[in-house]
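Some notes on the structure that comes next.
The values are calculated or read from the model by the stated rules, or taken from the named source; none is laboratory data. Quick caveat: nothing in here was measured; it's all calculated off a predicted structure. Note that we place each Cβ from the backbone using ideal geometry, even for glycine, and neighbour counts take in every protein chain shown. For accessibility, only protein heavy atoms count, side chains too; no ligands or nucleic acids. Shrake-Rupley method; radii C 1.70, N 1.55, O 1.52, S 1.80 Å.
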Amino acid sequence: MADTYKETLPAQIALVLSDRIITGQLPAGAKLRQDHIAAEFKTSHVPVREAFRRLEARGLLISIPRRGVRVTGIDPNQRREVAEMRASLEVLALRHASLNFDRNYLVYLGNLNQQQSECDTIQSWEAANRTFHQALIKLCKMPRLISSIEDLHISSARFLFAAKPNKWEPRVDHEHLAILDALRKGQIEVACAILAQHVRRAGRRLGGRLGR
């Protein structure tokens, strides 16, 4: 029981802090103090340090000598690189994951996409969009690949919130629907091509909002 506690609490703290960083509640350069975080979560410094290490590994925090632990900055110049890497890696993962899709899983993917289309805030939409993309690839049975893609998803999410989009309204993602339609028909390469186009197109839209 104690081992589970040690594992889950750092993960919970890291998840909360990650969400705050991604959405801009904790801006680039913000300093995180172990004692403040420990007090917030009513715990010792040990799980907080572990949470910080996890976030450093994901590129969200950096430990600077004599300046403490701070939120990393966002480089708009990396937007295109992130989009290209996502397009390539997500296609690779989907190609392998699709071998393990069955009818029930495709229904599950469809439900996730429907939930995303009903989101009425940018925060809930981004979380649902990330969940859908992760579900597309999680059955690929390649944990290192999935971990790399999840790090890229975090970068994409930070670009999205940094772009300060206008008032959000529920919307249907027609490219998601096209991916699902191709998967239902067993047209895996078609689904992969649409996915790559979708990720690159989203990256270009973000580039415009970020001034590039």
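Being in contact with a Gly (Cβ under 9 Å, 6 or more places away or on another chain) and modelled with pLDDT under 95 holds for only one residue in Arg66, Arg80, Arg86, and it is Arg80.
Applying the set (1) without any contact (Cβ under 8 Å) to a residue 60 or more places away in the chain; (2) open to solvent by 80 Å² or more (accessible area, probe 1.4 Å) to Asp75 leaves exactly one unmet item: (2).
Over 30 Å from Leu106 (Cα atoms) and either among the aliphatic types (A, V, I, L, M) or touching a Cys at 6+ places or on another chain (Cβ under 8 Å) (or both): which single residue out of Leu92, Leu32 fits that description?
Being over 30 Å from Leu106 (Cα atoms) and either among the aliphatic types (A, V, I, L, M) or touching a Cys at 6+ places or on another chain (Cβ under 8 Å) (or both) holds for just one of Leu92, Leu32, which is Leu32.
On the stretch given as region 48-59, residues that are open to solvent by less than 70 Å² (accessible area, probe 1.4 Å) and at pLDDT below 95 total 1. Note on region 1-82: enclosed helices (runs of 4 or more DSSP H) holding 3 or more residues that are under 30 Å from Leu145 (Cβ atoms) are 2-22, 45-57.
Going by the structure shown, is Leu180 in contact with a Gly (Cβ under 7 Å, 6 or more places away or on another chain) and in contact (Cβ under 8 Å) with a residue 60 or more places away in the chain? Judged against the criteria, Leu180 is a match.
Anything in region 108-129 that is of a type in the set (D, E, K, R) and either open to solvent by less than 20 Å² (accessible area, probe 1.4 Å) or modelled with pLDDT of 95 or more (or both)? List them, or say none.
Glu126
The set of residues in region 54-70 being of a type in the set (Lys, Arg) and on the phi < 0 side of the Ramachandran plot consists of Arg54, Arg58, Arg67, Arg70.
The set of residues in region 95-126 being in contact (Cβ under 8 Å) with a residue 60 or more places away in the chain and hydrophobic (A, V, I, L, M, F, W, C) consists of Phe101, Leu106, Leu109.
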